[in-house]
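**Q** Below: one structure in structure tokens.
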Amino acid sequence: MSEPKSDNKHSKGQVKSSKSQRKHRYSKDKKLNSKLQRIENQYKDALKSAAGTDYLLQEETGFLEAEGPMERTFKFKQDEITKAVDANTANKKFELKLPEFGPYSIDFSRNGRELLLGGKKGHVASIDWKSGLLGCELHLNETVNAVKCLHNDQYFAVAQKKYTFIYDKEGTELHRLKQHVEATLLDFLPYHFLLVTAGHTGFLKYHDVSTGELVSEIRTKLGPTLAMKHNPYNAVIHSGHGNGQVTLWSPNAPEPLVKIQSARGPIRDLAIDREGKYMAVSGADKTLKIWDVRTFKEVDQYYTQTPATSLDISDTGLLSVGWGSHVTIWKNIFKTSHQADPYMNHLIPGSKVDKVKFVPFEDILGIGHQQGYDSIIVPGAGEANYDALELNPFETTKQRQEQEVRSLLNKLPADSIALDPNTIGTIDKRAKSIKLKPGEINELGDFANDASDKMAIKPDVKGKNSALRKHLRRKRENVIDQRKMRIEKNLRNEKEARLRRLKMLQGEEEEKDVLDSALARFK
């Protein structure tokens with residue numbers, strides 16, 4: 001096999017090679033010259049190895065392709081696709097009929113191994129969907145609003161009628177989160193270990209699942225939250241509200257970072273792509289809008305026959321839209337101009353779609369609906385070349401344990417969540433150009449003096465909210481009892497003692513009571 005050539009795809013620019021240019025590029029210092037030469041050789045080696053890795057990445061994403069100008073990919077049925085694909089992929093398409101406890105909300109673990117089902121009427125199940133093994137099954141006998149897998153397949157959260165609960169893989173209840181009341185939406189930030197809840201109360205709450213602390217509790221002031229997803233690029237929460245606004249939140253800001261008026265009615269659902277560049281928003285006004293998150297401008301707009309209830313974006317940029325009993329999948333919706341026809345269509349007769357979600361690293365779309373769960377084959381939806389050190393669908397127990405320890409050690413603080421994550425660690429370039437004037441230097445000196453005055457020791461004075469004063473405020477003014485008289489006497493004595501201490505500090509002599517010695521016997 002011939003040595004791979006380092007093409008322009010991996011290089012930073014054209015490399016100058018003439019001797020005259022090399023003289024100008026290097027300095028007269030021989031030591032520095034040798035160091036620069038060594039760096040350039042390392043750069044050339046990196047180009048060769050980068051070009052060589054292309055031989056290892058042979059897998060390409062395979063989409064459906066129409067043979068002639070009259071054929072359309074959205075007319076292909078699942079039965080036809082199942083016959084055309086290999087047996088391994090065909091076995092991944094299955095259906096669960098659960099008509100008693102629907103509609104079902106669904107979620108997948110981060111590596112795509114575990115399927116989590118949550119029926120509205122209290123049925124919760126965790127399944128290893130590839131092998132068909134049932135992890136746990138719960139009948140909670142109360143409403144289940146949402147389910148969410150946490151950092152791996154060992155734990156999951158369930159938003160029930162009043163509180164949010166955390167269960168392990170066996171179905172054992174581990175925690176009841178009393179702070180999260182009437183939550184209807186759940187999300188998890190894997191690099192910060194934060195469980196985010198929102199719902200009827202209008203509060204957005206961040207809970208650290210590694211320490212058990214409530215990190216932040218933000219009042220949105222926009223009524224119940226109807227949709228919520230996080231941006232994978234910067235971990236900012238996007239939430240949709242009843243007034244048609246989409247707001248962006250960070251746990252360290254009491255106000256929304258950005259407000260976007262996206263629809264003329266309530267927001268039904270939203271989704272953000274993996275790179276954090278585009279956002280799809282569906283509203284009750286039957287619109288599906290595509291927004292550029294970098295500029296906060298509307299890119300495109302589509303019309304749905306009924307309001308879209310669920311949206312999801314795959315790793316390769318396919319957008320799935322659940323509306324009524326239909327699921328529509330769009331291709332190249334973010335890259336090119338307005339699409340005339342969808343990529344795929346699927347109908348679930350007589351059952352309303354509640355939740356659609358792509359399986360990570362698989363060409364499978366999971367659909368939770370009124371009558372149970374369906375999985376359909378969507379060619380080209382999964383990421384073909386994944387990083388097994390980041391997320392591994394085939395990880396062993398030992399690898400899972402090591403990955404959990406590694407992710408806890410690398411956990412990011414909640415304060416690092418911002419619109420632009422690259423600002424952390426940068427230097428403010430304006431600081432060099434800012435020079436203080438003489439008057440401003442004097443102001444800084446005065447400020448330092450004020451700070452030292454604040455640090456000075458103050459006399460020990462009880463605050464207005466002492467226990468005695470609180471008790472007096474609670475009592476009515478026209479009620480006189482023995483305890484109230486005793487408290488008033490103690491307050492008077494404290495006040496007199498403070499005055500005496502203040503006079504002693506000021507050097508004033510204490511006035512002697514003439515009758516004090518004569519009446520001392522009666523005390």
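The values are calculated or read from the model by the stated rules, or taken from the named source; none is laboratory data. Note that this is a predicted model, so its numbers are computed, not measured. FYI the Cβ positions are ideal-geometry reconstructions off the backbone, even for glycines, and counts take in every protein chain you see. These area figures cover heavy atoms from the full protein model, side chains too; ligands, DNA and RNA do not enter into them. Shrake-Rupley method; radii C 1.70, N 1.55, O 1.52, S 1.80 Å.
**Q** Tell me the accessible surface of T295 in square angstrom (1.4 angstrom probe, heavy atoms of protein chains only), to the nearest ten.
**A** 80
**Q** Tabulate in residue order the Karplus-calculated ³J(HN,Hα) for the range 351-361, using 6.51 cos²θ - 1.76 cosθ + 1.60 with θ = phi - 60°, rounded to whole Hz; enter x for Gly and Pro.
**A** For the range 351-361, the Karplus-derived couplings read 9, 6, 6, 9, 8, 10, 7, 6, 7, x, 6 Hz, x marking Gly and Pro.
**Q** Now, a different point. Treat each spin label as a single point 7 Å out from the Cα along the C-beta direction, and report the D415 to K162 distance in nm.
**A** The modelled label-to-label distance comes out at 3.7 nm.
**Q** If you add up the charges near H123, with Lys and Arg at +1 and Asp and Glu at -1, over every other residue whose beta carbon is less than 9 angstrom from its beta carbon, what do you get? Numbers along the way, then the final one.
**A** On the way: positive: K120, K121; negative: E100, E137.
Local charge sum for H123: 0.
**Q** Enter the accessible area of I127 (Å², nearest 10), with the probe set to 1.4 Å and all protein chains included.
**A** The accessible area of I127 comes to roughly 30 Å².
**Q** In addition: Round to a whole angstrom and tell me the spacing of the C-alpha centers of the range 181-199 and the range 391-428.
**A** Centre-to-centre distance over Cα atoms comes out at 17 Å.
**Q** A follow-up question, please. As a quick test, which of the pairs K130/K331; K92/K286; K97/K130; K357/K398; K97/K289; K205/K297 have an alpha carbon distance above 21 angstrom in this structure? Write down the numbers at each step before the final one.
**A** Numbers: K130/K331 26 Å; K92/K286 33 Å; K97/K130 17 Å; K357/K398 28 Å; K97/K289 33 Å; K205/K297 28 Å.
Distance filter (> 21 Å) returns K130/K331; K92/K286; K357/K398; K97/K289; K205/K297.
**Q** Still on this structure, please answer the following. What accessible surface, in Å², does a 1.4 Å probe find on K503, ignoring ligands, DNA and RNA and rounding to the nearest 10?
**A** So the heavy atoms of K503 present about 100 Å² to solvent.
**Q** Using a 1.4 angstrom probe on the protein heavy atoms only, line up M504, M70 by accessible area, largest first.
**A** Working: M504 140, M70 170 Å².
The ordering from most to least exposed comes out as M70, M504.
**Q** In whole angstrom, note down how far apart the Cα centers of the range 30-46 and the range 81-105 are.
**A** 57
**Q** Can you work out the Karplus-derived ³J(HN,Hα) for every residue in the range 39-49? Use 6.51 cos²θ - 1.76 cosθ + 1.60 with θ = phi - 60°, whole Hz, and x for glycine or proline.
**A** 5, 5, 5, 4, 5, 5, 5, 5, 5, 5, 5
**Q** For R294 and T82, what is the calculated FRET efficiency with R₀ set at 56 Å and r taken between the beta-carbons, to the nearest 0.05? Please report the intermediate quantities before stating the final value.
**A** Details: r = 39 Å, r/R0 = 0.70.
In this case the efficiency is close to 0.90.
**Q** F74: net charge of surrounding residues, Cβ under 14 Å, Lys/Arg +1, Asp/Glu -1, itself excluded? If you can, show how the numbers build up before the last one.
**A** Working: positive: R72, K75, K77, K331; negative: E65, E71, E80, D341.
Neighbourhood net charge equals 0.
**Q** Moving to a separate point now. Sort all Cα-Cα distances of the range 73-401 into consecutive 10 angstrom bins from zero, then give the percent of pairs in each bin up to the one containing the longest distance.
**A** For the range 73-401, the pair-distance distribution reads 6, 27, 37, 25, 5, 0.
**Q** Find, among the GluC sites (Glu not before Pro) in the range 97-151, those assigned to loop by DSSP (not H, G, I, E, B) with at most 15 other beta-carbon atoms within 10 angstrom.
**A** On the way: sites: E100, E114, E137, E142; in loops: E100, E142.
In loop regions of the range 97-151 (DSSP not H, G, I, E or B), the sparsely surrounded GluC sites (Glu not before Pro) are E100, E142.
**Q** Kindly write out, for the range 299-311 in residue order, the coupling ³J(HN,Hα) from the Karplus curve 6.51 cos²θ - 1.76 cosθ + 1.60 (θ = phi - 60°), rounded to whole Hz, with x marking Gly and Pro.
**A** 9, 7, 9, 10, 10, 10, 5, 10, x, 6, 8, 8, 10
**Q** Quick one: ranking R498, R268 by accessible area, 1.4 Å probe, largest first, what do you get? Intermediate values should be presented prior to the final figure.
**A** Working: R498 70, R268 100 Å².
The residues order as R268, R498, largest area first.
**Q** Let me check I've understood the local charge: for Q399, count other residues with C-beta under 13 angstrom from its C-beta, Lys and Arg +1, Asp and Glu -1. What total comes out?
**A** Details: positive: R113, K398, R400, R406; negative: D153, E390, E395, E402, E404.
Result for the local shell: -1.
**Q** Also, I was wondering about something else. What is the range 268-331 by shape, rounded, prolate or oblate, if you read a ≥ b ≥ c off the alpha carbon gyration tensor as root eigenvalues and call it rounded for a/c under 1.5, prolate for a/b larger than b/c, and oblate otherwise?
**A** Values: a/c = 2.21, a/b = 1.36, b/c = 1.63.
Because a/c hits 1.5 or more and a/b fails to exceed b/c, the range 268-331 counts as oblate.
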